[in-house]
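Here the structure is laid out as structure tokens; the discussion comes afterwards.
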Amino acid sequence: MERDSLDGKDPIPAGALAEAGLRLEIEGPVVTITLDRPERRNAMTPLMWRTMAEIGDALPEAVRIVVLRGAGPSFSSGIDLKTFSGGDGGGLPTTGDPEEGDRFIAGLQAGFTWLRRPEIVSIAAVHGHAIGAGFQLALACDLRIIADDTRYCMKEPALGLVPDLTGTKPLVEIVGVSRAIEICLTARTVEAEEAARLGLAERVVPREGLDAAVAELVAALLPIDAGAAAATKRLLRQAPDNTLAEQCAAERREQLGRLKAMFGG
Ligand code: ACO
């Protein structure tokens with residue numbers, strides 16, 4: 001698929017998106033992905049996660065911002081519990097070759113990891129419940145604008161599972177290990193005001209103001225030079241894992257790249 005030729009078109013066929021419970025809008029540099037199963041509170045399926053990975057692969061190069069939102073009363077109620085209702089794990093890797101199981105889960109995680117890509121800024125627009133995989137999807141984004149009715153919950157341990165959709169690293173980076181242990185191992189609800197205090201939201205707004213707040217943030221992000229934005233995000237993303245010396249070296253490298261792009265021949 002030619003990435004540049006996709007501007008203004010849906011890179012994934014509409015039928016495939018609908019089957020996965022997703023909606024996709026591309027408006028120049030801004031992509032909006034809507035979790036679109038409101039009657040199930042946007043419960044998520046392996047097909048939805050794989051389709052999100054496909055969207056990440058097919059994004060036009062011009063895209064700078066990706067907004068994730070949920071249709072209806074909630075952002076997402078997490079994994080579709082019907083997956084487990086047959087008592088056999090619903091196609092999830094329960095037995096068999098561990099390498100195959102590893103590959104299977106990696107394929108689902110791919111639906112989340114691309115949201116950290118330096119070339120884009122990903123924004124979760126969260127309202128209502130963001131449970132389990134829904135909380136992890138919000139954590140996978142760079143920024144979180146949340147409505148005042150937001151209720152985060154890392155429910156997995158209460159169901160005998162672990163959070164495995166890339167959420168544990170950002171959660172720990174944001175709230176610290178002890179608070180992450182407390183939140184996950186009690187599976188309690190974190191409401192909007194506490195979420196903001198813990199750094200799990202860049203901004204809390206009244207429910208009816210969520211779309212406007214996201215639009216405001218998008219308008220503030222877009223004027224920044226795309227190359228400088230990508231280089232800066234690359235730097236900031238690696239900062240927690242680098243020593244000071246490594247980070248200083250990374251800053252020099254990126255700045256030389258910027259100077260060359262701006263003034264070099
Ligand atoms: N999977 C499948 N169906 C769901 C899910 C889900 N995760 N969440 C909600 N639904 C369905 C309900 O069964 C209900 O269906 P029905 O209309 O046929 O009865 C419909 O969506 C509406 O749900 P309600 O519970 O009536 O909606 P309400 O707004 O009162 O509550 C809430 C929403 C809090 C999200 C509640 O539905 C809930 O607790 N859901 C389960 C959450 C959960 O345990 N998720 C798994 C987390 S672990 C992980 O993600 C890996």
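Every number here is computed from the coordinates shown, using simple stated rules; none is lab data. Keep in mind it's a predicted model, so treat the numbers as computed, not measured. Methodologically, a virtual Cβ is constructed for each residue, glycine included, from the backbone with ideal geometry; neighbour enumeration extends over all protein chains shown.
One table, with the values for the structure above:
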| quantity | calculated |
| --- | --- |
| Charge-dipole axis of the chain as Lys and Arg at +1 and Asp and Glu at -1 on Cβ define it, positive-most pick from Ala213, Gly257, Ala16 | Gly257 |
| Cβ-derived FRET efficiency at R0 35 Å, Lys260 paired with Phe104, nearest 0.05 | 0.25 |
| Under Karplus coefficients 6.51, -1.76 and 1.60, residue-wise ³J(HN,Hα) of segment 45-62 in Hz, glycine/proline x | 10, x, 4, 4, 5, 5, 5, 4, 4, 5, 4, x, 5, 9, 4, x, 4, 6 |
| Gained length - Asp164 relative to Glu191, 0.36 nm times residue gap less alpha-carbon distance | 7.5 nm |
| Glu27/Arg237 FRET efficiency (R0 22 Å; Cβ-Cβ; nearest 0.05) | 0.30 |
| Karplus-derived 3J(HN,Hα), 6.51/-1.76/1.60, for each residue of segment 139-149, Hz, glycine and proline x | 5, 6, 7, 5, 9, 10, 9, 10, 7, 6, 9 |
| Segment 106-265, relative contact order [Cα under 8 Å, separation at least 6], % | 22 percent |
| Under-5 Å amide H pairs with Arg37, H placed in peptide plane, nonlocal only | Asn42, Ala71 |
| From phi via Karplus (6.51, -1.76, 1.60), per-residue ³J(HN,Hα) for segment 26-36 in Hz, x at Gly/Pro | 10, 10, x, x, 10, 10, 10, 10, 10, 6, 10 |
| Listed residues Leu47, Leu92, Leu221, most fluctuating in the chain (Gaussian network, C-alpha, under 10 Å) | Leu92 |
| Interchain or long-range residues, amide H under 5 Å from Val121's placed H | Ile65, Val66 |
| Partner aspartates and glutamates for Lys169 [C-alpha distance under 14 Å; skip if fewer than 8 residues away on the same chain] | Asp142, Asp241 |
| Principal-axis tilt of helix 98-113 within the chain, Cα atoms, nearest 10 degrees | 60 degrees |
| Cβ-derived FRET efficiency at R0 22 Å, Glu216 paired with Thr113, nearest 0.05 | 0.20 |
| Net charge of neighbours whose Cβ lies under 15 Å from the Cβ of Asp241, counting Lys and Arg as +1 and Asp and Glu as -1 | +2 |
